[in-house]
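Here the structure comes first, spelled out in structure tokens, and everything after it is commentary.
The values are calculated or read from the model by the stated rules, or taken from the named source; none is laboratory data. Everything numeric here is computed off the predicted structure, so don't read it as measured data. Here Cβ is always computed from backbone atoms with ideal geometry, including for glycine, and neighbour counts include all displayed protein chains. To get the accessible areas, we keep the full protein, side chains included, count just its heavy atoms, and leave off ligands, DNA and RNA. Shrake-Rupley method; radii C 1.70, N 1.55, O 1.52, S 1.80 Å.
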Amino acid sequence: MTGLNTKEEALFEYISTGKVEEAKELISSGEVSVDCEDKEGMTPLSSAAFKGSEELAKFLIAAGADVNTKAHKHGYTPLMFAALAGKPDLCRVLMDGGAYSQKTNTINKTASEMAAFVGQHECVTVINNHVSIDEVEKFLHPKGPDSEEKFPVEFVRFCHGLTSSHKIHPVAILFHLRENADHLERKKKILYVVDRVFEKQLRCKEPNEVMSMKLWLVLFTLRETFKFMDDRLKGGGPVTSKADLCTAYAKYMLKMNPDDKVRENLDRHLRAAIVAFPYRQSLLFETMVKAMAKTKFGERPSAYEYIVQALFGQRIFALNKFCSTCGGPGANKRCPICKLPYCAQECQKFDWPIHKKVCAAIAERNEKGEEEMGEGLGDGESPREKEEEETVGEENKEIVDVEDVHLGLEQMDIQK
Ligand SMILES: [Zn+2]
Ligand SMILES: [Zn+2]
């Protein structure tokens, strides 16, 4: 047992009872060590991760807490606790703070394996799809501070955002580019970094196919976007800002005619992206191409629906509605007439000039039951689904018992 002083004991108490402000105050006071350990080997960061407190975790990381501490008696890292607590955003925070995802506990399990064991599939996805900022930094500054070319930290973060985010929908990527249009002066460098991160995925010992496909989709959209920009700028038309060009390309992607069942430009783009995937022996690639070939171009499911199922899993696909504009999950707003889902008003507004010409036609097809619009996009409001949604969204849901999980994992190994 390590000797905690009374302030440190109080800190653990504050963390476990959710007194975030009090905990922060103590940490700032300097009267506690940020990496102090209780008798189980929990540090304040492990405890905060276990409680699922993103705010406190961020605060502790900023205060210098060790994100990869393995002081815990079973070797659990803060990332493992966050995964067990079912907090995907917290997992992301920790990995952005430098947490290694491949670390294992005393029975050789990684954070993602543990998340899978307790059914925290979103955490599994987040952990397996994360590129650390160090990786991006290395490509931009290969010689560290001695590198010939130096880039501002905002640019490093922007590039990291492109490789680590879950945004693979072309319109989501275009929105991200539009918000960061200043960085688009460095188009070549952006492509270089994303390309290198992608290449590295392919060349590592155990290539992560999902991750590779995700990065490829981002890279493909970036290349096409920059081509579109260059063509427009060369075209000698009226001078347009890069942000406006992003908007124009997004509108092009979303184009739809009343008879269309899918957004054809978007579908063509995504189908082309998948077919062009350079890692031909990939099983995932083969599966996706085969599945998509069953659907004639212009018919549902759309290419994006196939992609979401393949890359994010059936469960996430079934439990979420995806925004009709940006493809984002958890789209709980609807067009009042045709019920097309949107994630936010901005997305609905952005689509409206296009959508208003097709809305009535979609509504009519819905009525006739000709088209199950929203089937893949998640129209199903079965009671079971609702129930699950509520459970997932519940704030302070029961925290898992680490000892039970540990025992379960051990037994699983014995049975093998
Ligand atoms: Zn959206
Ligand atoms: Zn509508």
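General remarks:
- Our estimate of slack between Lys290 and Thr240, defined as 0.36 nm per intervening residue step minus the Cα-Cα distance, is 13.9 nm.
- Carbon + sulfur, % of accessible area of the chain - ligands and nucleic acids excluded, 1.4 Å: 50
- Taking Cα atoms only, the orientation of helix 209-234 departs from the longest principal axis of the chain by about 50 degrees.
- Under Karplus coefficients 6.51, -1.76 and 1.60, residue-wise ³J(HN,Hα) of region 319-326 in Hz, glycine/proline x: 8, 10, 9, 10, 4, 5, 9, 9
- Amide proton proximity set for Lys333, modelled H, under 5 Å, gap of 5+: Tyr342
- Flagged links, alpha-carbon separation over 22 Å, of Lys70/Lys167; Lys58/Lys143; Lys19/Lys51: Lys70/Lys167; Lys58/Lys143
- Proportion of all alpha-carbon pairs of region 242-288 beyond 16 Å (%): 54
- Solvent exposure of region 274-355, expressed per residue, is 48 Å² of accessible area, with all protein chains present and a 1.4 angstrom probe.
- Cα convex hull of the chain, projected area averaged across orientations, nm²: 24.2
- Cα Rg, Dmax (largest Cα-Cα span) when computed across region 133-301, Å: 17.2, 58
- Of Met42, Thr247, Ala82, farthest towards positive along the dipole that unit charges on Lys, Arg, Asp, Glu beta carbons give the chain: Thr247
- Theoretical gain in end-to-end length, Glu179 to Asn208 [0.36 nm per residue, Cα-Cα removed]: 7.5 nm
- Whether region 269-317 is rounded, prolate or oblate, judged on the alpha carbon gyration tensor where a/c under 1.5 counts as rounded: oblate
- Two-site label geometry, Thr106 and Asp89: point separation in nm, points 7 Å out along Cα→Cβ: 3.4
- The distance linking region 158-237 with region 34-98 is 31 Å (Cα centroid to Cα centroid, whole angstrom).
- Take every pair of alpha-carbon atoms less than 8 Å apart whose residues are at least six positions apart; their mean separation over the length of region 21-79 yields a relative contact order of 33 percent.
- Among the trypsin sites (Lys or Arg not before Pro) within region 145-195, those in coil by DSSP and having at most 11 neighbouring Cβ atoms inside 10 Å are Lys150.
- For region 260-294 versus region 122-152, the inter-centroid distance based on Cα atoms is 28 Å.
- Number of Lys-Lys pairs in region 209-262 with C-alpha atoms under 22 Å apart and a separation of 8 or more places or on different chains: 9.
- Between Arg315 and Lys357, the modelled labels are 4.2 nm apart [label points 7 Å from Cα along Cα→Cβ].
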